[in-house]
Amino acid sequence: MAAPECALLYAEPRINLNFMVLGIDIGGTAIKAGLVNANGNIAAKLQIEVTELRIGNFITNFTNWLKPVINENGITAVGVGVPGLVSANSDFISVAPNIPEIEGGNFIKALQKSFPWVTFRFANDANAAACGTYLFCNEKKLQTFGYITLGTGIGSAVILNGKLYTGQNGNGPELGMLQVFGDKIVEDVCARDGILRIASEIYGQKSNESTLGGLSTFDIYNAAQTGDSRAIEVFNQAGILLGESLCLFIQLFDISTIYIGGGIAPAYEFMEKSVNEVIHARLSAYYFDNLSIKPTSLGNDAGILGAAALIDTI
């Protein structure tokens, strides 16, 4: 028999959705939601910008945004992926750097009070997305893989031998929070703001927290698609930093398959070359012989599907 404490480290991804559930993916800039069935089909989606919810009381606005979709569709179960640290019993959000309004217990309590007939499950967004990939990915199901979210921040998760690695308190690996670049954490240099800082040097413009002279990471990605050399170089340099970070992730968990999700994931095609160069330079052949790093096949729906998967996962 396994030692009792081992039960705290893993949660088996499974799903039994005999009804439509609501999956909510909370991001640093936008919140997406979708009605999901047991086959991973999304019947309807909605989205709202975080800035809209900040006009007035964030929690009240969020609750009012949900009321129509919950009431009109008879929803009784909601999974929520959160960009931060969530308690193991899903009742307290310890850290949410990009959306501090949801930190603590008031956000969760307000939802439970507004919708007392609904079962809510909360989890770190990367953990949720990894569960969604495990359950709904169209590719051959792998029993062990890593998952990285690239967006406003960076999240990470691991499915190990068919089970979600959650750590002792429910949040598992936090690659984005590792301080490996001097006084900078991984998220500072590889996520949105880090990419914009790189762009500010290459473009010779000042950047603020979310834009570069009015340009966003999405705009830079679009420019890269047209062959703009400066935009391509932005992602090339970001890929070097991401590659250094992934070396740690690969060595720590001894995994050969990593899925990339999140809002900036489409730009990975422009990071891939430099990521692979760093990995091949830093790691032995043991690690990269069968290595596969690629965007998840669930695309932009990974967060919603992962949140829906929480209903029977947590």
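The values are calculated or read from the model by the stated rules, or taken from the named source; none is laboratory data. Keep in mind that what you see is a predicted model, and the values were worked out from it rather than measured. For neighbour counting, all protein chains shown are included, and Cβ atoms are generated from backbone atoms with ideal geometry for every residue, glycine included.
Quick notes on this structure:
- Single condition CYS137 does not satisfy, out of (1) touching a Phe, Trp or Tyr at 6+ places or on another chain (Cβ under 9 Å); (2) touching a residue at least 24 places away in the same chain (Cβ under 8 Å); (3) surrounded by fewer than 21 Cβ atoms within 10 Å (Cβ to Cβ); (4) assigned by TED's automatic domain parsing to the domain that holds SER94: (4)
- Near pairs, Cβ below 7 angstrom, 6+ apart or cross-chain, from the range 145-163 (closer than 13 Å to GLY132 by Cα and in contact (Cβ under 8 Å) with a residue 24 or more places away in the chain) to any residue that is part of a loop (DSSP other than H, G, I, E, B) and of a type in the set (A, V, I, L, M): PHE145/ILE255; GLY146/ILE255; VAL158/ILE255
- Failed criterion for ALA199 (all others in (1) surrounded by fewer than 24 Cβ atoms within 10 Å (Cβ to Cβ); (2) free of Cβ contacts under 8 Å to residues at least 40 places away in the same chain; (3) over 15 Å from the mean Cα position of the chain (by Cα) hold): (1)
- Checked against the criterion of being out of contact with any strand residue (DSSP E or B) (no Cβ under 8 Å at 6 or more places or on another chain) and in the same structural domain as VAL180 (by TED's automatic domain parsing), the candidates GLY243, GLY261 yield just one match: GLY243.
- Meets criteria (in contact (Cβ under 8 Å) with a residue 12 or more places away in the chain, farther than 20 Å from GLY306 by Cα, surrounded by fewer than 21 Cβ atoms within 10 Å (Cβ to Cβ) and not acidic (Asp, Glu)) for PHE115: yes
Yes or no, residue by residue, for (1) modelled with pLDDT of 90 or more; (2) farther than 30 Å from ILE195 by Cα:
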{"site": "ASN98", "(1), (2)": "no, no"}
{"site": "ARG121", "(1), (2)": "yes, yes"}
{"site": "VAL158", "(1), (2)": "yes, no"}
{"site": "LEU178", "(1), (2)": "no, no"}
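- Number of residues in the range 23-76 that are buried (at least 18 other Cβ atoms within 10 Å of the Cβ), over 21 Å from the mean Cα position of the chain (by Cα) and assigned to a strand (DSSP E or B): the value is 0.
- Of the numbered criteria (1) outside any loop (DSSP other than H, G, I, E, B); (2) at pLDDT below 90; (3) assigned by TED's automatic domain parsing to the domain that holds ASN64, the one LYS113 fails is (2).
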